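Written below as structure tokens is the structure these notes are about.
The values are calculated or read from the model by the stated rules, or taken from the named source; none is laboratory data. These figures come from a predicted structure and were not determined experimentally. Methodologically, a virtual Cβ is constructed for each residue, glycine included, from the backbone with ideal geometry; neighbour enumeration extends over all protein chains shown. What goes into the accessible areas is simple: the full protein's heavy atoms, side chains included, and nothing from ligands, DNA or RNA. Shrake-Rupley method; radii C 1.70, N 1.55, O 1.52, S 1.80 Å.
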Amino acid sequence: QVQLVESGGGLVQAGGSLRLDCVVSGPAFSTSTMGWYRQVPAKEREFVAAINWNGAYTYYADSVKGRFTVSRDNDKNTVYLQMDNLKVEDTAIYFCAAGARGHYGDVASWAFWGQGTQVTISS
């Protein structure tokens, strides 16, 4: 059984920073591509970032490129999302995902999800 637990969300002012952590329990974390998605009410969950198993490759949505950084520590079974220069439009629930079976940008590709953590950016 794979479980993902996100933490680090909160309320910050525009221009500020937050770091989200996702701790993964269960087998094969160190060989799994990991992803971050976000969702606002009445909208579909959207891709934010992904990282391959050893961190050599990272992928970002255009809306966060240059501001967000995804990384991982396989010894700690943890994936991170460092978010800098935050904007009001970054406000959403952020989800960690594991077990991609297809393209990382396709929400249907992912087999496992965390419960989400709220990020709110004030103007």
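From (1) surrounded by 17 or more Cβ atoms within 10 Å (Cβ to Cβ); (2) within 21 Å of T78 (Cβ to Cβ), pick out the condition that doesn't hold for R45. Unmet for R45, out of (1) surrounded by 17 or more Cβ atoms within 10 Å (Cβ to Cβ); (2) within 21 Å of T78 (Cβ to Cβ): (2). Going by what's in this entry, would G8 be described as open to solvent by 30 Å² or more (accessible area, probe 1.4 Å) and either at pLDDT 95 or above or in contact with a Gly (Cβ under 9 Å, 6 or more places away or on another chain) (or both)? Judged against the criteria, G8 is a match. One residue alone among G35, G116, G99 is open to solvent by less than 40 Å² (accessible area, probe 1.4 Å) and at pLDDT below 95, and that residue is G99. Checking every residue in segment 48-55 against the condition of being open to solvent by less than 70 Å² (accessible area, probe 1.4 Å) and touching a residue at least 40 places away in the same chain (Cβ under 8 Å) gives at least one match.
Just so you know, in segment 56-96 the residues that are small (G, A, S) and crowded, with 16+ Cβ neighbours inside 10 Å include one that is nearest to L18 (Cα to Cα), and it is A92.
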